[in-house]
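Below: one structure, written as structure tokens.
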Amino acid sequence: MTRALLAASLPLLLLAGCGRTEPVGDMPSQEQLAAAANAAAATALANAQADAAESRNYVNEARGFSITLPEGWTIDKAASNADGVVYQDPGAGADVRVFWQKNDNDETLQQIVEAVNGASEGVDGDFIGENEYRGTANDGEGNNVVVRLLRQPDGAIVSATFVYPEMLSEQYQAMSGTVLDSLRTFPVKGAKPAPPAADNASNAAE
């Protein structure tokens, strides 16, 4: 009688010893396992895409600006510093340069653009309000230069240039606009506003 009871109880003891006391019917189906695997793969892909997007976004907290660089471009560490960054398209001769510059003389954006015009050929551009300028030029060496300048509240200037070979205009023209459109400035903690640009202009005239 005791031996028969032990024989009947043995399967239950073995099952409990393995830590699996649930009925076999509660195991996930093949469809559920496949759905879980697909969900995990989708999450991993989304995280990878988010990481890639983040790596393309350059943010300079100390200087108060950010920009989104083209996918696949690489940083030129030798040409980059605390004030800005240079990214280039490997082997294509194109690059993006974004730098902050202190405006010691409190020059207006118009005065700064005049100085830039003197160093380039075929400059053509427009002011957008008092604190933004966008233009294009040719560097005299067969490269097109797309320029965007932003004047920050403290008077400092953030300049962004997208340079590419003129022969590759079809490839880079639209891209240059998209990249420079992404340039943003934001307040830097502790920065002091500069006098209005109009006042600076009148002072310079005097």
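From the list GLY135, GLY140, which residue is open to solvent by 30 Å² or more (accessible area, probe 1.4 Å) and of a type in the set (Gly, Ala, Ser)?
GLY140
Applying the selection to the range 178-192, what residues are within 13 Å of ASP95 (Cα to Cα) and loosely packed, with under 14 Cβ neighbours inside 10 Å?
Hits for the range 178-192: nothing passes.
Select the strands (runs of 3 or more DSSP E) contained entirely in the range 50-141, then report the ones holding at least 1 residues which are modelled with pLDDT under 95 and aliphatic (A, V, I, L, M).
Hits in the range 50-141: 121-127, 132-138.
(1) among the β-branched types (Val, Ile, Thr); (2) in contact with an Asp or Glu (Cβ under 6 Å, 6 or more places away or on another chain); (3) touching a residue at least 60 places away in the same chain (Cβ under 8 Å): which one isn't true of VAL86, the others all being true?
(3)
The values are calculated or read from the model by the stated rules, or taken from the named source; none is laboratory data. Note that this is a predicted model, so its numbers are computed, not measured. Ideal geometry is used to build each Cβ from the backbone, glycine not excepted, and the neighbour counts take in all protein chains shown. Areas reflect the complete protein model, heavy atoms only, side chains present, ligands, DNA and RNA absent. Shrake-Rupley method; radii C 1.70, N 1.55, O 1.52, S 1.80 Å.
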